[in-house]
1. So between B:Asp410 and B:Gln158, what do we pick up on full extension, going 0.36 nm a residue minus the alpha carbon distance?
2. Taking the Kirkwood radius as the inverse of the mean 1/r across Cα pairs, report the Rg/Rh of segment B:231-310.
3. Hey, got the dipole for segment A:1-146? About the Cα centre, +1 on K and R Cβ, -1 on D and E Cβ, debye to the nearest 20?
4. Counting only other chains, what is the mean number of Cβ atoms within 10 angstrom of the Cβ of each residue in peptide B:121-133?
5. Taking the beta-carbon count within 10 Å as an exposure proxy, list B:His274, B:His323, B:His464 from fewest neighbours to most.
6. If we sort A:90-102, B:79-91 on the protection proxy, mean other Cβ atoms within 10 Å, highest first, what's the order?
7. Give the relative contact order (percent, whole number) for segment B:157-309; include only Cα pairs under 8 Å separated by 6+ residues.
8. What is the calculated FRET efficiency for B:Thr399 to B:Val83, with r their C-beta to C-beta distance and R₀ = 41 Å, to the nearest 0.05?
Amino acid sequence: MLLHLYIAVAVAQVPTDLVAIRGGAYRPLYPADPEVPVVTVGPFRLESRPVTVGQYRAFVQAHPAWAPGKVPAVRADESYLSRWSSGATLADEQPVTEVSWFAARAYCAALGRRLPTEDEWELVARASTDAFDASADEAWLAEILAWYGRPSTDTLSWVGRGTPNRWGVHDMHGLVWEWVEDFNNTLVSADIREAGDDERSRFCGVGAVSAQDVKDYANFMRVAWRSALEGRTTTRNLGFRCAADEEGP
Amino acid sequence: MRNIIGLLTLSLHFGCQGTVRAAHDEAETPTSYTALEVAGGAMGDPVGSPIHAVLTSPPEVPPAVDRTTPAKVVVELEVVEKVMPISEGVDYTFWTFGGTVPGSFIRIRQGDTVEFHLQNHPDNKMPHNIDLHAVTGPGGGAASSFTAPGNQSQFSFQALNPGLFVYHCATAPVGMHIANGMYGLILVEPPEGLAPVDREYYVMQGDWYTVGKYREKGLQPFDMQKGIEENATYVLFNGSEGALVGDNALQAKVGEHIRLFVGNGGPNLVSSFHLIGEIFDKVHFEGGSLVQEQVQTTLIPAGGAAIVEFTVEAPGTYVLVDHSIFRAFNKGAVGMLKVEGPDAKGVYSGKEVDAVYLADKAAPAAPIAEASQATAAGTLSLAQQVDAGKALFQGTCSTCHQPDGKGLGDVFPPLAESDFLMADVERSIGVVLNGLSGPIEVNGRRFDSVMPPMSQLNDDEVAHILTYVRNSFGNKGDAVSPEQVARVRATTERPQGAAH
Ligand SMILES: [Cu+2]
C-alpha cells in the first residue's frame, strides 16, 4: 500500500531501450496460409524487457484516463490493475500485469511506439541464449515448458534478470505472457464455428506441420492463450512490451 | 472472440476427419434418441425454479437426484492451478476442476438442462475450457467455455443420454492439461434413478509424467517427453499416492452393498481395474446401460468410466489396483477399502491383503523425512542415514534378504557379514541400481540367481540403504554418499525411456 502512495511523485515515462532485430524467417505453429509455412519478418526494433510496474505508473500519471477505475469496461475488464488498490506489494521492477490490450497499445503509443505483431514476437521468441532459432532444441523447449509447471502464485521476479537471448532481448519466456498487436488474428477473425469447411480445412492443413512443431507444447500454449483473450481482458500473468519500426524515435 | 483452438488441436492429432465434430465421437446417433423415447417423458421443459447442483470432492458422491421431472440445474465449477503432494515428499503443480483431482463430481438427471459456469481463477497461468462427454454437440462445450484466467464463461446444454461420463479440459496442448489432472465425472441418472445402495464412492485413475523418477522428492515438473512416450512415472487413484490409503481409505461395513463410480482420465493408459478380494456383482461397463455380472477385472479406457457394484461379505482391507500390476507395485496405483464388522469366517478367513501389497509403504516416513531435511541443510550424519536406511530396507530389500540380513537358502545371499557387499562400495551401489544375475560367491558360498534392479530408489535412498546395511548385521563400514550413487548411476548405460 505504502509503496504506491510514495511513488505518487510524478516521474516521466522512461522508455526501455530498443534492440534492433534484423528480421528473418520463422515457421509459425498455425501458418495463416498453409501454402506458405514459413513467414518472413522484416527488420524492426523490440524493447529489451517487458514494461515494468514503475514505468506503467509513470504512464498512468501522465495519462490519468488510464488510472485504475477510470477506464471504461469495453477497454479493460474489472481486474484492470486491481492489485494496485488491493494492498498487494508490487515492486517497480516487476513486470506490469493486469493490463488490457487497449491499455498496452495506449502505453506504447505515448512513446511513439506500438505493440509487436505476433510474427515479430514469435520470431524473437524462438531464440535461446545462444541460437537465433532454437525451435529444434528440445532441452530449451523443455525449459520453457517448465515455467508452466511452476506454481502460479509465486511473486513475479524482476524484469531483465536472467541472460538475454541471442538477440539481446530479456524475458521472452518464463516471466509473463505478453500482448501482441494481432493477438486475435490466428483463429478468431470471425466466429470460427460458423466459418464453414473452408476455414476448417485451413486449420486441418496444419496436420502437415512437422512432428517437431507438434511437440512445441509451449507454442501451442501461447496460441491457445492468445485466442482465449479479448481486447479488454486483463490477468495477473499477462504483460507486454513495445516495438518500433526500423527507423523512428 | 471464442474459438475452437482446443478442438482444432484435437482433430489435428486425430487426423482431422474433416469436421470439428471429430474431436470426439458424440455425433447424435439414432440410438441416443431411441434411448430417450424408451425413457418416456424424460424430456420436456425444466420444471420448477433452477437448482444449484451439489458438487462433491472425491471420493464423495452427491446424493441421488430424487426428482421425477427434468429441471434447470446450475453448475459452477472453478479451475484452480495449485501445488499439492503427489506422493510423500513429492509436490506437483496440478491443474484442477474445483481444487481436487479428479474434479468435483456432478450428478444430474436425464433431461435436465444444465447452465454451466466455468470460472478460471485469477491466479491461474493458463486458459482452460471443459469438454463434457455428456454433452451432445460439437466439442462437448469446449468451444463455448474457453476461458482466460480471471474470467468466466457460461453455456447451457440438455443432458440427452443417461450414463457416467468423463469431463476434461480440451485446451491445447490437450495432453498436458489432462496429464496435470483436468478431468472428472458427471453422472446423468436415468429418469427412474439408480437402485439404492448403502454407499457410493468416486474413484478416478490417471497417469502422471514427472521429470524426476518415481518418489523423487521435491517439486516435480511435468515431463512432456515421457508423456509422449507414454512412459508414466505414476499411475494413481484420485491424484495422489496417499489419496485412498491409511486414514483416507474408503470405509464400509460388512454386508453393505457398495457402488463405485470409477473413471479413467488418462491421458494415456487404459486401466485394468480390479478390487483384490472381491468380485463385482455388476459392472455398467464403459459407463453405459448394459450390465455385465460376476466380473473380476474391468477395462476402463482413458476418457471412459464404469459403474461397479458389489457386496462386502467379510471384514478386512480390500485393495483397489490397476491389475496391469507393475503400476500397482511401482507407480502407486493402489487404494484401499476398509470393511469393518463381525468376522465371516465361512466366507473368508486369512490375513489382510494389504500387508503384502503395501510392503513398500510400510516404511516409517519420519526417519526418511529427517534425513532429507538434513541432506538439504548439509548436516546429514551417519546415524541419520542408518535410521533412514533401516526404514527403507524393511520396505525394499528385506523380503528377499530377510529382516536380519541373513538371506534365505541358496537363493538370496546374506548381507550380514557379506564379504561381497563390503569389498567394493561402487560394485554394491551398482547391484542395487542395476540388479545382479549370474554366479557370485558370498562368504565362500555360491549363488546363481537374479536380483531385479531397484531403480525406483533415488540417489539419497540408495545411499541410506547401503549405509545401513554396511553398518548393521555385524558389518562395519563408511557412510555411502548420494554423490557416490549419482556417479555410479551416471556411468551406467540405460535403455532410453527406462526409469533413470
Ligand atoms: Cu486446462
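1. Working: separation 252, 0.36 × 252 = 90.72 nm, distance 6.76 nm.
Length gained between B:Asp410 and B:Gln158: 84.0 nm.
2. Details: Rg = 13.1 Å, Rh = 13.6 Å.
Answer for segment B:231-310: 0.97.
3. Working: 12 positive and 18 negative charges, 163 e Å.
Magnitude of the dipole: close to 780 debye.
4. Working: counts 3, 9, 7, 5, 15, 8, 10, 2, 2, 0, 0, 0, 0.
Across B:121-133, the average partner-chain Cβ count within 10 Å equals 5.
5. On the way: B:His274 20, B:His323 17, B:His464 32.
Ranking B:His274, B:His323, B:His464 by Cβ neighbours within 10 Å, fewest first, gives B:His323, B:His274, B:His464.
6. The densest-packed peptide leads the list: A:90-102, B:79-91.
7. Working: 308 pairs, mean separation 38.6, N = 153.
Contact order relative to length: 25 percent.
8. On the way: r = 34 Å, r/R0 = 0.83.
The pair B:Thr399/B:Val83 has a calculated efficiency of 0.75.
Readers should treat all values here as calculations from the given coordinates under stated rules, not as data from a laboratory. All values derive from a computational prediction rather than experimental measurement. A quick note on method: Cβ atoms are made from the backbone with ideal geometry, for glycine too, and the neighbour counts reach across all protein chains shown.
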